[in-house]
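Enquirer: Below is the structure I would like to discuss, written out as structure tokens.
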Amino acid sequence: MLGRILRWGAFLGLVGFGLFWVTTSPKTVSIEDLAGLTSDAEDGELAFFAAGCASCHAAKGAEGASKLVLSGGQEFPSPFGTFIAPNISPDPVHGIGDWTQSQFASAVLKGTSPEGAHYFPAFPYSSYNKMSRQDVVNLFAYMQTLPPDATPNETHQVAFPFNIRRNLGGWKFLFLSEDWVADASTPELERGRYLVEALGHCAECHTPRNALGGLDKGNWMGGAPDPSGKGRVPAITSSQLGWNAADISEYLKSGFTPEFDTAGGHMVSVIENTARLSDEDRMAIAAYLLALP
């Protein structure tokens, strides 16, 4: 009897390990997935600013044109540890200069590195995974035009067990989804949803998270504790903002609120990006936010 129990235990353990291994395997985007797409660096520039790439990957304190040198190094504290933005300049050694188009798409859409490892979700691929493949190849083309920088990458300061990359496959299984959260009944709302939920990844800061770091989609854009542990990121639903579409659009362009206050903290960098969008895109973002429950 004991031998039978042990054999069944070993069998179930092997099955469980096999399921875990398959479920947590990193996913990639193949060359075939991108077949027929012609990249456009000019359109990629729009995606670059809408996605806020420089806000995280420029060197700490960079200003002006220096923000296009994506040498990394900024630190982002969280309850799970401190994440350090990597170098994503076109440098072939320390950056992404030797990446292929499909490797870049795998990173952005699947959160998988060229070496086949899971990226930590401090890189907001849980939002970027809704990007169109056309925008991804355009973005990659634009980023290859930026200045290379040979600054080495720093190691994330994440303790056990959160530093086990394989476990991130389980996190993706639980929380990674390509489904949209909000409905979009008009072309303007559809565009706003794309800018907010995908490229702009606004929910990554403005939506609270559960104990495992997954977004609480039942409280979408309802505000959240600042990951640093200091202060709170505000809610940006229509009832909490109390602004009209023109107010929101102007804030995203100039940083001025209807009360003539100005944006502060990380929103300064966000507005540097949204100011580069068209008036139509900013109004689409406003329409999306005002349509949220």
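The values are calculated or read from the model by the stated rules, or taken from the named source; none is laboratory data. Bear in mind the structure is a predicted one, so any value in this text is a computation, not a measurement. Neighbour counts are summed over all protein chains in view; Cβ atoms, including those assigned to glycine, are modelled from backbone coordinates with ideal geometry. Only protein heavy atoms, including side chains, enter the accessible area calculation; ligands, DNA and RNA are left aside. Shrake-Rupley method; radii C 1.70, N 1.55, O 1.52, S 1.80 Å.
Enquirer: Calculate the spin-label point distance for E115 paired with F160, positioning each point 7 Å from the Cα along the beta-carbon direction, and give it in nanometres.
Expert: 2.0
Enquirer: While we're here: How many percent of the accessible area of segment 29-178 is carbon or sulfur, using a 1.4 Å probe?
Expert: Taking all protein chains in place, segment 29-178 shows 56 percent carbon and sulfur surface.
Enquirer: Any idea how far the Cα center of segment 80-98 sits from the one of segment 190-237, in Å?
Expert: 25
Enquirer: Based on the Cα atoms of the chain, what semi-axes does the equivalent ellipsoid have, where each is the square root of 5 times one gyration tensor eigenvalue, given in whole Å with the largest first?
Expert: Working through the eigenvalues yields semi-axes of 34, 24, 20 Å.
Enquirer: Right, here's the next one. Could you please report the charge total around A275, scoring K, R as +1 and D, E as -1 over all other residues with beta-carbon less than 10 angstrom from its beta-carbon?
Expert: Charge balance near A275 sits at +2.
Enquirer: A further question follows. What is the list of residues in segment 220-257 whose amide nitrogen lies under 20 Å from a point 7 angstrom out from the Cα of T82, following Cα to Cβ?
Expert: It comes to 226-232, nothing else.
Enquirer: Just name one of F162, Y142, S89: the one whose Cα is farthest towards the positive end of the charge dipole of segment 29-178 (beta-carbon charges, Lys/Arg +1, Asp/Glu -1).
Expert: Going by the charge dipole, the pick is F162.
Enquirer: Now for a separate question. Based on the Cα atoms of segment 180-293, what semi-axes does the equivalent ellipsoid have, where each is the square root of 5 times one gyration tensor eigenvalue, given in whole Å with the largest first?
Expert: 21, 18, 12
Enquirer: Let me ask something additional. Given labels modelled 7 Å from the Cα in the Cβ direction, how far is it in nm from S239 to E259?
Expert: In this crude label model, S239 to E259 measures out at 2.0 nm.
Enquirer: For the chain, the longest stretch holding no GluC sites (Glu not before Pro) located in a DSSP loop with at most 16 other Cβ atoms within 10 Å is which?
Expert: 179-258
Enquirer: Same structure, new question: Using heavy-atom solvent-accessible surface (probe 1.4 Å) with all chains present, what is the largest-first order of H266, H156, H57?
Expert: Solvent-accessible surface, decreasing: H266, H156, H57.
Enquirer: Just to be sure I understand the rule: take each whole DSSP H helix in the chain, project its Cα atoms onto its long axis, keep it if the span is 20 Å or more and its mean Kyte-Doolittle hydropathy is at least 1.0. Which ones pass?
Expert: Both cut-offs are met by 2-23.
Enquirer: If only Cα atoms are counted, what is the Rg of segment 29-178, and what is its Dmax, in Å?
Expert: Rg then Dmax for segment 29-178, in Å: 15.0, 43.
Enquirer: With Cβ to Cβ distances under 11 Å as the rule, what net charge do the other residues near P187 carry (K, R +1; D, E -1)?
Expert: Neighbour charge sum, excluding P187 itself: -1.
Enquirer: Please report the net charge: other residues with Cβ closer than 12 Å to the Cβ of G111, K and R +1, D and E -1.
Expert: +4
Enquirer: What percent do you get for the relative contact order of the chain when only Cα pairs under 8 Å and 6+ apart count?
Expert: 19
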